[in-house]
Structure formats: C-alpha cells, structure tokens
Amino acid sequence: MSPRCGWHVVASLALCMMVQSARATDFGRQSYLLNCAGCHLPDGRGSAPNDVPSLHGAPGHMAGIPEGRAFLTQVPGIAYSSLNDAEVSEVLNWMLLNFNKDTLPASFQPFTEQEVKALRAQRPAEIFKVRRAAIEALRAKGVTLNY
Ligand code: HEC
C-alpha cells in the first residue's frame, strides 16, 4: 500500500464525503424554502384555497414513471424557476426524499443534472396534458391519484 493510501486518507475521504452529502441535503432544503415554500408552504402541504397542490404523495408516484418525471421537471414553478438544472435536480430530490417517502418506488433513481436538462428543455404549451398523461400511465399500473 502506498503511503498516500494510509488510514488517515481513507478517514478524511469518508469525512469529506459525509460533509459533501450533508451539504447537498442542506442545499436542497434551503433551496426549497427559498424557491418553493412561498407557495407550497414550508411543510409542502400547499394551499387548497389558492389552488397550490400538496407536494406529499403524488410526486413520489410520478417519480417512478417517465411521463411523471417529465411532468415534475416541466411544471411551471420548476421549469421557469431561476434555478439551474443541477439545482433543480437537488431541490426535486430533496422534495421527493423528504415529502414522498411513502410513495417513492423502491427503484427510485434520483434526478441528475443531465436528466433535468433534457426534460426541462421541452416547454409543453399545456402542462395539464403532461400531467394527464402521467395520471393515465399511473392508472394503467393500478395507482390512482386524487386530484
Ligand atoms: C408562485 C407559486 C409557486 C412556486 C414559487 C412554486 N410552485 Fe409548484 N406549483 C404551484 C401551483 C399553482 C401548482 C399547480 C398548478 C400547476 O400545475 O402549474 C404547482 C405545482 C407543482 C407540482 C406538481 C404537483 C402535482 O402533484 O401536480 C410540483 C411537483 C411543484 N409544484 C413543485 C414545486 C417546486 C419544487 C418548487 C420550487 C422550485 C415550486 N413548485 C415552486 C405554485 C408554485
């Protein structure tokens, strides 16, 4: 083993990775509070009187199918936010892992910057059609979303 691979290097690498993942989590949370909570509220429950949907439940199901992943990146609050693609992937993953534990599929793949970039570049004129396509695809799999 070369001196550069001593235990202290392994230990500091592990620490570095822990710090990095803590930073990513924290960035997602802060970004959510700054960019999304004004409408969806800090706990993600939304506001029915203002037609702002809850972010609990449905997004987790959506994240498991391609139509839903397109919807999640193209919904106006996300597609037109000032966040860049990497930042959108972080805030989406934070929202999914924190508000949708019960509905996220076991096979959940976190969003990457590349996926967000490709999907978000498409700006559908009628987002409700994208949502309907996702709802139909989920229904075909036996999952009914209540809207
Ligand atoms: C200006 C208010 C506003 C802001 C800011 C906003 N949203 Fe929204 N969001 C809405 C409204 C209203 C809807 C429902 C209408 C629609 O589909 O466009 C919605 C829909 C959504 C949906 C779809 C939910 C579903 O089940 O249909 C998701 C996911 C979402 N927003 C996430 C976010 C995230 C993440 C952010 C921050 C990056 C954000 N929103 C910022 C108002 C907002």
Spelling it out for Val52: with amide H atoms placed in the peptide plane at 1.01 Å from N, the residues 5 or more places away or on another chain with amide H under 5 Å from its amide H are Ser47
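Tell me, in nm to one decimal, what length is gained between Asp43 and Ala121 on full extension, where the rule is 0.36 nm per residue of separation less the Cα-Cα distance?
On the way: separation 78, 0.36 × 78 = 28.08 nm, distance 2.87 nm.
So the extension gain works out to 25.2 nm.
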Per-pair calculated FRET efficiency, R0 = 22 Å: Asn50 and Arg132 via Cβ, rounded to 0.05: 0.50
Among 106-114, 40-48, 139-147, how do they line up from the highest to the lowest mean number of other beta-carbon atoms within 10 Å? 40-48, 106-114, 139-147
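Every number here is computed from the coordinates shown, using simple stated rules; none is lab data. Treat the numbers as computed from the prediction; the structure is a model and nothing was measured. Here Cβ is always computed from backbone atoms with ideal geometry, including for glycine, and neighbour counts include all displayed protein chains.
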